[in-house]
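Written below as C-alpha cells is the structure these notes are about.
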Amino acid sequence: MSEDTQTVGRSEPIFKASMQWRRIKAHFFVVLGLLSVLLGVVTLLVLLADVIIQSTGWLDWQFFTSFDSRFPERAGIKAALFGTLYMMFFTMLLAVPIGVMSAIYLEEYAGDNWFTQFIQVNIANLAGVPSIVYGLLGLQVFVRWMEMGRSVLAGSCTMALLILPIIIVASREAIRAVPPSMREASFALGASKWETVRHHVLPYALPGMLTGAILAAARAIGETAPLITIGALTFVPFLPEHPLDRFTVLPIQIFNWVSRAQSEFHELAAAGIIVLLVVLIALNSVAIYLRQRLRTKY
Amino acid sequence: MTAPLRMSRRRFTFAAAGVAGFALLAACGGDSGAGETDGLEGDIIVDGSSTVFPITMAAAEEFSIMHNGVRVSVGVSGTGGGFKKFAAGETDISDASRPIKPSEIEAVTAAGLDFIEIPVAYDGLTVVVNPENDWVDCLTVDELKKMWEPAAQGEVTNWNQIRDSFPDMPLDLFAPGVDSGTFDYFTEAVVGEAQSSRGDFQASEDDNVLVTGVAGSRSAIGYFGLSYYVENTDKVKAVPIDSGNGTCVEPSFATVADGSYQPLSRPIFIYVRKDAAERSEVDAFVKYYLSSEFTPLISSPEVGYVQLSSELYAALTQRFADRVTGTLWPNGAEVGASLDRYMQ
C-alpha cells in the first residue's frame, strides 16, 4: 500500500489501475499454487495405488513371521522388521539424550562466543551432509577402529550421528520457544539454573523435542545408503541376539527383492514398502498428535 | 508450579511407554533363535557377488533348516567388495562371479590367509532383443564385437551396419554396469579384453532395468544373466549365438551345461577361507553346497543357474576335503575354459 501512495506523485505511475488484469493475476497464482500442491499429492497417490495393487495378496501374517526365502510365498520380513526396530531402539537411545543435552547446553549455558558459533555452524552443516558420508565414517570408525563389526550397534551409532543434528536443531527450537519470562520467574523465586531448566524449561520444551526426535527417527528408518556402506547384510535367516550381532533392515530387504529375477519378488517388495510406509506414517502421526495434544499454553 | 509438573509427568509416561515398547521388541528379538540344535553350531559369514547370491542364499536357507544351530548370513558387496572383506578376515566364504585376481590373492596372502577355490555353477550370458524384432535370428561373435567394441562408439549406431540384410533401425544398447562381473566377462569373451567396451550404452546394475529397457524398444539389444532371461521370456527374446563354427546355439540350461553354448558360458565360484574351513560348521556347509542333495536345486527355477556334472561336484568335494588351496586361473577368466582342470 505504501508503495502505491508513493507512486501517485510521479509523472509516470508504475501502478496501473487495471482491475481485470490484476484479478487474472490473482487467479493465476491460486491455480499455480493448487497445481503445485496437486503435483505432490497426485504423485504420492499414484505411487501408493501402484504399490498397493502390486502387494495384493502378499501382506499376510506369514509375511511378518517368516525369514527371507528363495520361494516368494515363503519369504517374509521378520529379520528386516526386527533388525530395523532393534537398530532404531539403540539409535534413539544414543541420539536423543546426547541431542537434548547438547541443545540444553547450547541454549541455556553456552556463552555467545566464537567457539559456540563454530559449533552452531558445524551442526547446521552436519544436518546437510549426504547420508552416504555418514556410512563411510561409520565403516571406518565404528566397524573398523572400534571393532564393532557389521553389527546392530555399528548401524545404530552411524544412524545416531546421522540424526543427531536434526534432534539438536529441533530441541533448540523447542527450548527457544519457552518464553524468557518463565525462566525469570523461576530465578526470582530463588531457583538455581539447573532447577529452572529441569522444572520449567524442559517440561515445556518436551513436546517439541519429542516431535523432533520422532521425525528424526522416521528419517533414519528410511535410510539405506549408510547401512549398505557399513555392511548390513542381505540374507539373514535369524534374529539378532545381541547388539553386536549381524542384521538387516527393511530398506535393504526391499532393495534386494526388487533386484531379484522372479517377478513375484517385486510384488513382495511392494508389500515391504507398504510396511515401511505404515511405520513411517505411524511415526509421523504420533509426532503430529504429540504436537497438537501437548501444545503448551503459557 | 504444579501444573507444569503434572503435565510433564504425563509426557514422561509417553516417552517411557515408547521406550518400553522398543525394549520389549528388542528383548523378543534376543530370546528367539536359541533352541534345540543338532550339535552343529556357529556363525558362517558369506559376502560377495550378487550373481552368486541366489545360489548361496538357497544353500544357506536349506542348510539352516537342517542345522538350526548354524546361522548363515549372506551379503551382496559385489565380487571385488567381497574379496576385500575376505582379505580383511571379516568373511568365511566369498561369492565370486569371476576367478580371483592376482592383486586380490596378494591381499589375501598378505593378511596371512589362504583360500580354497570352488566353482559351483555355470551362468550363461544371454543376448536379448525385443520380441517384435523379426530380423535377428542369430548373431556371430564377430557381429557382437562389431556392435560392442570401443571403436564402435558413436560410429556403429544402426542395425544395417551390423549385417547388410538388417533393416535401417537405430541400435539401442543395454548392458550391465562396468563394475559388474557380467560386463567383465562379456567384454572379455566378445571384444577380447575385459572392460574394453564402447561407452555409449544404457547401463544398469539392476538386470530388471535392462529387461524393461529391451522390452520397451523394438530396436533394442542387450545382455544379462540366463536366470533373468528365463524369468522374462514373455518380455524379451534370446538371440542364438554362433561362436564362429557356423552353428547357432540357443542359450538354455541344456546348452550351457553341455558346453555347446559358447563363448558366453562362464563358471561362477565360491572361495572358502582355509582356516575357516577347519570349523566344523563351515566344513559341513561347503560339503552340503557341493552334495547331490543340494546341487540339483541350482537348476531349479527359483535359483536359475546351471549345475555342473555330478563327477565334477564329487571331485570338488574331494578337493575341498584335501584342502587344496590356490587358484587354477593364474591368468584370470578364460573364455570357453573347461572345468576339467579340477578333476585331477
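The values are calculated or read from the model by the stated rules, or taken from the named source; none is laboratory data. Not measured: the values here are computed from a predicted model. With ideal geometry, Cβ positions are generated from the backbone for all residues, glycine too; neighbour counts draw on all protein chains shown. What goes into the accessible areas is simple: the full protein's heavy atoms, side chains included, and nothing from ligands, DNA or RNA. Shrake-Rupley method; radii C 1.70, N 1.55, O 1.52, S 1.80 Å.
Please find, among A:270, A:220, A:216, the residue that is assigned by TED's automatic domain parsing to the domain that holds residue A:93, out of contact with any strand residue (DSSP E or B) (no Cβ under 6 Å at 6 or more places or on another chain) and under 22 Å from residue A:150 (Cβ atoms). Talk me through it step by step, then tell me what you get.
Working: A:270 fails: under 22 Å from residue A:150 (Cβ atoms); A:216 fails: under 22 Å from residue A:150 (Cβ atoms).
Going through A:270, A:220, A:216 in turn, the sole match is A:220.
When A:74, A:70 are checked against the criterion of being open to solvent by 60 Å² or more (accessible area, probe 1.4 Å) and in a loop (DSSP other than H, G, I, E, B), a single residue qualifies: A:74.
The residues listed here are B:340, B:275; of these, the one that is open to solvent by 30 Å² or more (accessible area, probe 1.4 Å), without any contact (Cβ under 8 Å) to a residue 40 or more places away in the chain and among the charged types (D, E, K, R) is B:340. Looking only at the stretch B:237-265, which residues are surrounded by 21 or more Cβ atoms within 10 Å (Cβ to Cβ) and touching a Gly at 6+ places or on another chain (Cβ under 8 Å)? The answer is B:251, B:256, B:261, B:264, B:265.
Results for (1) within 28 Å of residue B:329 (Cα to Cα); (2) outside the structural domain of residue B:246 (by TED's automatic domain parsing); (3) not hydrophobic (A, V, I, L, M, F, W, C), shown as yes or no for each residue.
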| position | (1), (2), (3) |
| --- | --- |
| B:140 | yes, no, yes |
| B:152 | no, no, no |
| B:168 | no, no, yes |
| B:173 | no, no, no |
| B:218 | no, no, yes |
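Among the numbered conditions (1) under 30 Å from residue A:150 (Cα atoms); (2) over 18 Å from the mean Cα position of the chain (by Cα); (3) away from chain B (no Cβ under 12 Å), the only one that residue A:187 does not meet is (1). In the stretch B:38-129, counting only strands (runs of 3 or more DSSP E) that sit wholly within it, the ones holding 1 or more residues that are among the β-branched types (Val, Ile, Thr) and away from every other protein chain (no Cβ under 12 Å) span B:93-96, B:115-129.
Residues in the stretch A:158-167: is at least one under 30 Å from residue B:43 (Cα atoms) and assigned to a loop (DSSP other than H, G, I, E, B)? No, the stretch A:158-167 has no match at all.
I'd like to know if the stretch A:106-128 contains one or more residues that are modelled with pLDDT under 90, within 17 Å of the chain's Cα centre (by Cα) and not in a helix (DSSP H, G or I). Checking the stretch A:106-128: at least one residue is modelled with pLDDT under 90, within 17 Å of the chain's Cα centre (by Cα) and not in a helix (DSSP H, G or I). So for the stretch B:267-283 (the condition being part of a helix (DSSP H, G or I) and under 19 Å from residue B:178 (Cβ atoms)), does at least one residue qualify? So far as the stretch B:267-283 goes, no, none of its residues is part of a helix (DSSP H, G or I) and under 19 Å from residue B:178 (Cβ atoms).
Taking the listed residues B:280, B:300, the one that is closer than 30 Å to residue A:262 by Cβ, outside the structural domain of residue B:253 (by TED's automatic domain parsing) and either in contact with an Asp or Glu (Cβ under 7 Å, 6 or more places away or on another chain) or not aromatic (Phe, Trp, Tyr) (or both) is B:300, with no other qualifying. When residue B:128 is tested against (1) surrounded by fewer than 19 Cβ atoms within 10 Å (Cβ to Cβ); (2) modelled with pLDDT of 90 or more; (3) closer than 25 Å to residue B:212 by Cα, just one condition goes unmet, and that condition is (1).
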